[in-house]
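Report on the following structure.
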């Protein structure tokens, strides 16, 4: 890849084979790492912060001062979206399923917190925004999607980034029309195959934000390769706040 030399530190996206001492990656998916960034930070942050940055910039076109509702704010992508949105000047409403996850989201930059197990998501979001709703929703969960969609303001953008909660939200066309709302999907595979330059630009911007302090190091738990099965079970049990990283 142009600009890379043998021995340069890079972070890479892998389709498989990452739990190994050596791996191969496409040159277009190797991203230069600025000096001073810890390998554990880079490994834990790359995919989720890249996803969050693309959702908020290329897909939602977030502007400074706009309000952002992040669902699953205690998850990897959710926490990253909270942090990136705040760093870009957004006013963040974080929604999660427990006080512990909400506390982590608050530390990442959320200004308003909603526990969607004990509160009505739409009503709490409207209350947090003075009744007007949010400009952007980032949804990596799916399960609360229809409530969150109804919390969008005029011209609001809804970015579907996954279905970790198991449910697929359904949006009615007339609800898009009435308030000039938009719903878009964002899967990283599309950028890896069809929007390579945009993906590389987002990766460079994310690493620069970590390097200059606009983004604080995320919550990362590091284990050995032997911890792999236990870590995977925790992911399946949804018993993870932040990211899990294996040191090989």
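The values are calculated or read from the model by the stated rules, or taken from the named source; none is laboratory data. These figures come from a predicted structure and were not determined experimentally. Note that we place each Cβ from the backbone using ideal geometry, even for glycine, and neighbour counts take in every protein chain shown.
Brief remarks on what is shown
- Matching entry among 157, 214 (being surrounded by 11 or more Cβ atoms within 10 Å (Cβ to Cβ), in contact with a strand residue (DSSP E or B) (Cβ under 7 Å, 6 or more places away or on another chain) and either at pLDDT below 95 or not in a helix (DSSP H, G or I) (or both)): 157
- Filter pass, residue 223 being within 24 Å of residue 240 (Cα to Cα) and outside any helix (DSSP H, G or I): yes
- Number of positions in the range 20-38 that are within 22 Å of residue 225 (Cα to Cα), in contact (Cβ under 8 Å) with a residue 60 or more places away in the chain and out of contact with any helix residue (DSSP H, G or I) (no Cβ under 7 Å at 6 or more places or on another chain): 3
- Residues of the range 223-248 that are surrounded by 16 or more Cβ atoms within 10 Å (Cβ to Cβ), over 16 Å from the mean Cα position of the chain (by Cα) and in contact (Cβ under 8 Å) with a residue 24 or more places away in the chain: 245, 246.
- The residue that is modelled with the highest pLDDT, counting only those in the range 163-178 that are loosely packed, with under 13 Cβ neighbours inside 10 Å and more than 19 Å from residue 70 (Cβ to Cβ), is 177.
- Consider the range 142-154 and keep the residues that are without any contact (Cβ under 8 Å) to a residue 60 or more places away in the chain and in a helix (DSSP H, G or I). The one that is surrounded by the most Cβ atoms within 10 Å (Cβ to Cβ) is 149.
- Selection status of residue 106, surrounded by fewer than 24 Cβ atoms within 10 Å (Cβ to Cβ) and part of a helix (DSSP H, G or I): yes
- Residue match in the range 14-36 (condition: buried (at least 20 other Cβ atoms within 10 Å of the Cβ) and under 30 Å from residue 126 (Cα atoms)): no
- In the range 86-95, the residues that are over 19 Å from residue 50 (Cβ atoms) and either out of contact with any strand residue (DSSP E or B) (no Cβ under 8 Å at 6 or more places or on another chain) or at pLDDT below 95 (or both): 89
- Residue in the range 66-85 that is outside the structural domain of residue 215 (by TED's automatic domain parsing), modelled with pLDDT of 95 or more, surrounded by fewer than 24 Cβ atoms within 10 Å (Cβ to Cβ) and on the phi > 0 side of the Ramachandran plot present: no
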